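To start, the structure under review is shown below, and the notes come after it.
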C-alpha cells in the first residue's frame, strides 16, 4: 500500500528573519504560532493566516551550514513538508519513484529528512 502524504506547510528561506516576520504579521495579518532554533543554529518561525489551516515557515540559515546558499533570483521557495506515517519508508518510496536523496534519515539532525523532486524542489518528510 502506498504511503499517505499529508501536506503540512510551505517553508521559505528568508535573508532577514525579523524583517520577514514583521512583513508577514503586520502587512499580511498572519500570527506567529511557533518557532525555534534548528540543530545547525538556523532559525524558523511558523505563521498562520486567519481562517486557514495551512502554515508558512520562515527559515533563516547561517553561513556555513548545509542549508545555506547564496541567494539567486527565483530561489526563495525552500521546501514543501509532508507528514507521513513512516519517514524512512516514505524516503525509500519517493526515491524509488524518481526523487533524489537530499538528506537521508541516517544523516538527519532531528526532523531534517529530505528528498528533491524531479525539478529539484526539496520535500521534507515529517513523522
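The values are calculated or read from the model by the stated rules, or taken from the named source; none is laboratory data. Values in this document were obtained by computation on a predicted structure and should not be read as measured data. Note: ideal-geometry Cβ built from the backbone for every residue, glycine included; neighbour counts use all protein chains shown.
Worth pointing out:
- Residue match in region 5-28 (condition: at pLDDT 90 or above, assigned to a loop (DSSP other than H, G, I, E, B) and touching a strand residue (DSSP E or B) at 6+ places or on another chain (Cβ under 8 Å)): no
- Pairing residues of region 70-97 that are over 23 Å from residue 55 (Cα atoms) with residues that are assigned to a loop (DSSP other than H, G, I, E, B) and modelled with pLDDT of 70 or more, at Cβ distances under 6 Å and at least 6 apart in sequence or on separate chains, gives 93/3.
- Test set (1) farther than 15 Å from residue 11 by Cα; (2) loosely packed, with under 13 Cβ neighbours inside 10 Å - residue 37 fails condition number: (1)
- Any pair with Cβ under 6 angstrom, 6 or more apart, that starts in region 1-13 at a residue that is on the phi > 0 side of the Ramachandran plot and surrounded by 14 or more Cβ atoms within 10 Å (Cβ to Cβ) and ends at one that is at pLDDT below 85 and in a loop (DSSP other than H, G, I, E, B): none
- Residues being part of a strand (DSSP E or B) and exposed (fewer than 15 other Cβ atoms within 10 Å of the Cβ) - total across region 111-125: 0
- Residue selection: residue 64 fails the criterion of being over 15 Å from residue 126 (Cβ atoms) and under 14 Å from the mean Cα position of the chain (by Cα).
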